[in-house]
Amino acid sequence: MSVLMKRLLAGSVLATALASTPGLAQEADAYRETRLGLYVSAVEAFELLQENERAVLIDVRDPIEIKFTGFAEPTDIHVPWVLADRGNFDDEAKTWPMVRNADFEPRVKERLEALGVAEDDPIIVICRSGSTRSAPGADAIAEMGYRQVYSVSDGFEGSTLKEGDSRGVRALNGWRNSGLPWSYEIDPGVAWRPADGS
């Protein structure tokens, strides 16, 4: 299948994983399907980036997540969809809550404009597993007027193993598990920095 063809994902419109995860319930509904209905696997995303020099890759994961799991080398823009609220540990959930990055839209728009991205240029959005952040992030970018916004269906880390000693580990598909170029080193020109500098 061509990376330029629409690929509809099977499954429900809403993914309940985010809403049922402690500390994430205050985030807007998470979902996997996008309004434009444009999806690529990590391998297809890489092929599209190779085929079309106008294509851009946007990573929407939290910076700390990237620090410990790695970064796709061809990433052009990094702006998190949600961030860990490090100042508000949730004793009941035993974790830090995730909160929506209020600067997502303006920062993405600023970076797209700086790169000279046109409304018809392919924009590829990637998160960890291809659902709770890349899909809503892709929709927000589409609302800015961009018409070719793809969500990476298997994300950076891919799917979890269902059996064996490593059951639950994200070791199937995804950018990192598909032999695509990635690194723990993050391009300083791409790395997200909070607007307030904190």
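A short reminder: the numbers here are calculations on the coordinates, not readings from a lab. Everything numeric in this text was worked out from a predicted model, so none of it was measured. Please note: Cβ atoms are built from the backbone with ideal geometry, for glycine as well, and neighbour counts cover all protein chains shown.
Some notes on this structure:
- Rounded to whole Å, the principal axis extents of the Cα atoms in the range 71-143 read 46, 23, 23, largest first.
- For the range 79-89, the Karplus equation 6.51 cos²θ - 1.76 cosθ + 1.60, evaluated at θ = phi - 60°, returns couplings of 9, x, 6, 10, 10, 6, 7, 5, x, 9, 5 Hz by residue, with Gly and Pro reported as x.
- The peptide list 142-148, 184-190, 58-64, 81-87, put in order of mean Cβ contacts within 10 Å with the highest first, becomes 58-64, 81-87, 142-148, 184-190.
- Förster radius 25 Å - calculated FRET efficiency between Thr69 and Trp96 (Cβ-Cβ, nearest 0.05): 0.90
- Overall form of the range 85-198 per C-alpha gyration tensor (a/c, 1.5; a/b vs b/c): oblate
- Once you reduce the range 75-122 and the range 29-53 to the center of their Cα atoms, the two points are 18 Å from each other.
- Highest average packing first - 45-52, 120-127, Cβ atoms within 10 Å: 120-127, 45-52
- Gain on full stretching of the segment that runs from Glu185 to Arg167 - 0.36 nm per residue minus C-alpha separation: 3.7 nm
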